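Contents: one structure, followed by commentary.
The values are calculated or read from the model by the stated rules, or taken from the named source; none is laboratory data. In this text the structure is predicted, and so the values were computed from the model without any measurement. Ideal geometry is used to build each Cβ from the backbone, glycine not excepted, and the neighbour counts take in all protein chains shown.
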């Protein structure tokens, strides 16, 4: 469970997709961009979880771990921030421009979730925002470079990220009946129809493959198949393990990057 409680699973997924998108669309990407990607995603997720804990939402293994080690996480965040700042000096100007836009969006997201109150959160599903922002951040090196014909793949990847977030949140709530984090109505709707949504993403991916073969689309389809497998087995495993495996299902770019 350490990849999850240390918030390392999301950065690993983001780096894999950043690398695969750049490789697929012939965009030059260096170690600095991958390091900054991992660092930024880790800081965002760690901050989100720390704010959850501060607000009293301690309902999972990762939140209980953070509650016990919050000072260590804050110290690590400072070190990661310094490393990301130094590495970002080597990033192209195009990535900087996209990063400024994403930073503003992430700031609004954190403010709405943790300061907006129930009346604000009631009108928008957190999981959809996470899926869209995560997909944008995990492909920033590609779309900020002006690569052509990349948006269908980004949209498909964003849909898979959103489905992953909705499924994890719904499964966690369904198993533990966590009333402190009652999922948004749209999240519950997707969670109840998870298999249908996954098959729809696979079908759209298959159509895109027929017109323009792409390793990115192949990785999305592989991730959806793995998520369907996790969904079938989740009744035999704990919610935390199901969450970890659902995130691991998004590591399919490794099938194309390491061959």
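Tabulated data
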| read-out | value |
| --- | --- |
| Which listed residue, of 86, 91, is under 19 Å from residue 29 (Cα atoms) and in a loop (DSSP other than H, G, I, E, B) | 91 |
| Answer residue from segment 150-190, given it is at pLDDT below 75 and in a loop (DSSP other than H, G, I, E, B) and is nearest to the chain's Cα centre (by Cα) among those | 183 |
| Residue selected from segment 28-42 under the condition outside any helix (DSSP H, G or I) and in contact with a helix residue (DSSP H, G or I) (Cβ under 8 Å, 6 or more places away or on another chain), by the criterion surrounded by the fewest Cβ atoms within 10 Å (Cβ to Cβ) | 28 |
| Flag for residue 96 being without any contact (Cβ under 8 Å) to a residue 24 or more places away in the chain and in a helix (DSSP H, G or I) | yes |
| Filter result for residue 226 (modelled with pLDDT under 85, part of a helix (DSSP H, G or I) and farther than 16 Å from residue 14 by Cβ) | no |
| Residue that is surrounded by the most Cβ atoms within 10 Å (Cβ to Cβ), among those in segment 209-237 that are more than 22 Å from residue 149 (Cβ to Cβ) and in contact (Cβ under 8 Å) with a residue 60 or more places away in the chain | 227 |
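For every residue, the table says whether it meets (1) in a helix (DSSP H, G or I); (2) out of contact with any helix residue (DSSP H, G or I) (no Cβ under 6 Å at 6 or more places or on another chain); (3) modelled with pLDDT of 90 or more; (4) crowded, with 20+ Cβ neighbours inside 10 Å.
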{"position": "16", "(1), (2), (3), (4)": "yes, no, yes, yes"}
{"position": "23", "(1), (2), (3), (4)": "yes, yes, yes, no"}
{"position": "26", "(1), (2), (3), (4)": "no, yes, yes, no"}
{"position": "48", "(1), (2), (3), (4)": "yes, yes, no, no"}
{"position": "56", "(1), (2), (3), (4)": "no, yes, no, no"}
{"position": "64", "(1), (2), (3), (4)": "yes, yes, no, no"}
